[in-house]
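This report refers to the structure that appears directly beneath it.
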Amino acid sequence: MADKDPVKEYGAAEVKRSRYAIAVVFCVHGAVTGSFATRVPWIQEHTSVSAGQLGLALAFPAIGASVAMPLAGWISHRLGARTALRVLLALWTMALTLPSLAPNVYVLCGALFTYGAAAGMSDVAMNALGVETENRLGRSIMSGLHGMWSTGALLGSAAGTVAAHLGSDARLHHLLAALVLTVLGLLACGGVLDLRSAPDQEAPPRFTLPPKSALLIGAVGFCAVFAEGASLDWSAVYLRDMLDTSAGVAAGSTTAFSLTMAIARFAGDGVVDRFGATATVRTGGVMATAGGLMVVLAPNPLVAMGGFGLMGLGIAVVVPLAFAAAGRSGPRPSQAIAGVATITYTSGLIAPSAIGTLAGATSLTVSFCLVTVLAAGLAVGANVLRAAGRGASGEVSRPDAAAAGPRP
């Protein structure tokens with residue numbers, strides 16, 4: 001079994017079904033995040049925490065994810081990819097109920113740590129299966145899968161907004177959402193590829209540092225996620241404080257950024273298949289750098305909004321391609337993906353506070369000069385994502401020969 005080519009293990013119909021099933025999984029995963037985000041004000045009021053305490057508590061999901069993500073590869077090895085995804089996705093969807101049950105800030109931190117751990121492990125498992133499905137299809141799908149995650153987040157946010165507008169108790173809202181999403185997730189998991197490790201393949205360690213192959217790939221992802229986090233959290237503030245715009249116009253910059261990212265992710269697979277991962281990311285880096293320069297040099301709000309939108313277009317496909325490249329960088333895709341995910345989660349955690357700290361010492365313009373420099377790093381480091389798309393020969397990359405056996 002270990003000598004079989006994993007690309008030929010499944011028929012075309014099974015692989016196609018897996019593509020749609022894993023897309024639903026990504027959508028369900030995003031819907032949990034959207035459902036939680038809209039009820040944070042309710043949770044703050046219910047737990048009677050200050051803004052500072054809430055900010056501290058909201059760091060715990062990223063901490064939990066970073067700690068637990070390396071476990072995903074070990075769980076997939078033990079249970080098989082399909083069963084592992086079922087278990088981890090169900091843990092994630094049901095973890096949605098925990099934060100709203102917290103009576104105080106201490107329990108809230110613990111609940112958010114658990115919530116983040118479940119998020120991170122299921123994130124690694126679904127991205128690893130996405131990469132394996134992409135390998136068998138022979139064309140890029142990772143950008144579109146992350147577009148489905150964004151769609152799920154929007155749907156979850158929309159439902160949460162309605163629930164908040166109706167004044168519903170977040171405990172009831174999150175319980176109902178968790179039940180619905182758990183059922184949808186379990187049904188979708190039935191269609192993904194049931195990949196299993198070769199009998200003689202050694203189990204990955206439960207906890208390990210990111211492999212060397214993931215570090216450079218993770219560095220590119222770090223630049224993209226830093227620019228994303230900075231733009232999402234600070235674009236409206238930038239327009240309000242630096243360009244003296246109204247709150248409504250300022251909020252429009254965040255909408256423009258999010259919209260261009262979503263559009264680019266759905267269009268990204270076709271672009272990657274046509275031009276390859278390296279050229280796509282290099283061009284995206286140039287676009288994001290140009291967008292950053294438009295922001296810091298903007299003479300009026302319209303130019304700045306255009307800059308944020310261009311930045312969103314430029315960085316949108318980088319993280320999906322980073323996960324795809326990590327999954328092809330060695331014999332243990334889950335371990336490499338966990339390493340890249342840890343680095344990108346860390347970037348998302350520190351970006352908003354780093355921008356604020358630098359702005360406090362200098363100005364927001366200087367802060368976005370840093371974002372622009374990191375965006376330029378995408379163009380410089382694009383070559384490390386070559387494995388995520390077409391190689392120099394124009395053929396779609398396949399797993400290394402060393403990884404020819406069934407993999408988690």
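Count of region 56-77 residues, restricted to those that are of a type outside the set (A, V, I, L, M) and closer than 13 Å to Tyr106 by Cα, is 1. If you go through region 241-254 and keep only what is crowded, with 16+ Cβ neighbours inside 10 Å and either modelled with pLDDT of 85 or more or outside the structural domain of Ala298 (by the TED database) (or both), you end up with Met242, Leu243, Thr245.
Here is the figure for region 310-336: residues that are modelled with pLDDT under 90 and assigned to a helix (DSSP H, G or I) total 9.
Screening Ala51, Ala12, Ala31, Ala37 for residues that are surrounded by 16 or more Cβ atoms within 10 Å (Cβ to Cβ) and small (Gly, Ala, Ser) leaves exactly one candidate, Ala31.
On the given criteria, is Leu184 surrounded by fewer than 16 Cβ atoms within 10 Å (Cβ to Cβ), modelled with pLDDT of 90 or more and assigned to a helix (DSSP H, G or I)? When the stated conditions are applied, Leu184 does not pass them. Can you pull out every residue in region 337-363 that is more than 19 Å from the chain's Cα centre (by Cα), part of a helix (DSSP H, G or I) and of a type in the set (Val, Ile, Thr)? Within region 337-363, Ile355, Thr357 meet the criteria.
Among the residues of region 68-83, what is the count of those that are closer than 29 Å to Ala170 by Cα and part of a helix (DSSP H, G or I)?
So the answer is 1.
The requirement of being small (Gly, Ala, Ser), buried (at least 17 other Cβ atoms within 10 Å of the Cβ) and modelled with pLDDT of 90 or more is satisfied by Ala224. Among the residues of region 86-107, those that are in a helix (DSSP H, G or I), aliphatic (A, V, I, L, M) and at pLDDT 95 or above comprise Val87, Leu88, Leu89, Ala90, Leu91, Met94, Ala95, Leu101, Val107. Among the residues of region 227-245, is any part of a helix (DSSP H, G or I) and touching a strand residue (DSSP E or B) at 6+ places or on another chain (Cβ under 8 Å)? No, region 227-245 contains no residue that is part of a helix (DSSP H, G or I) and touching a strand residue (DSSP E or B) at 6+ places or on another chain (Cβ under 8 Å).
The rows are residues; the columns are (1) buried (at least 22 other Cβ atoms within 10 Å of the Cβ); (2) closer than 16 Å to Ala326 by Cα; (3) at pLDDT 90 or above; (4) small (Gly, Ala, Ser).
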site: Ala125; (1), (2), (3), (4): yes, yes, yes, yes
site: Glu132; (1), (2), (3), (4): yes, yes, no, no
site: Thr161; (1), (2), (3), (4): no, no, no, no
site: Leu175; (1), (2), (3), (4): no, no, yes, no
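If you go through region 283-302 and pick out every residue that is among the aliphatic types (A, V, I, L, M) and outside any helix (DSSP H, G or I), you end up with 1. As a summary of the residue check, Val40 satisfies the conditions (1) closer than 19 Å to Gly130 by Cα; (2) of a type in the set (A, V, I, L, M, F, W, C); (3) without any contact (Cβ under 8 Å) to a residue 40 or more places away in the chain except for the one numbered (1).
The values are calculated or read from the model by the stated rules, or taken from the named source; none is laboratory data. Small disclaimer: the values here were computed from a predicted structure and weren't measured. Cβ atoms come from the backbone with ideal geometry, glycine included; neighbour counts cover every protein chain shown.
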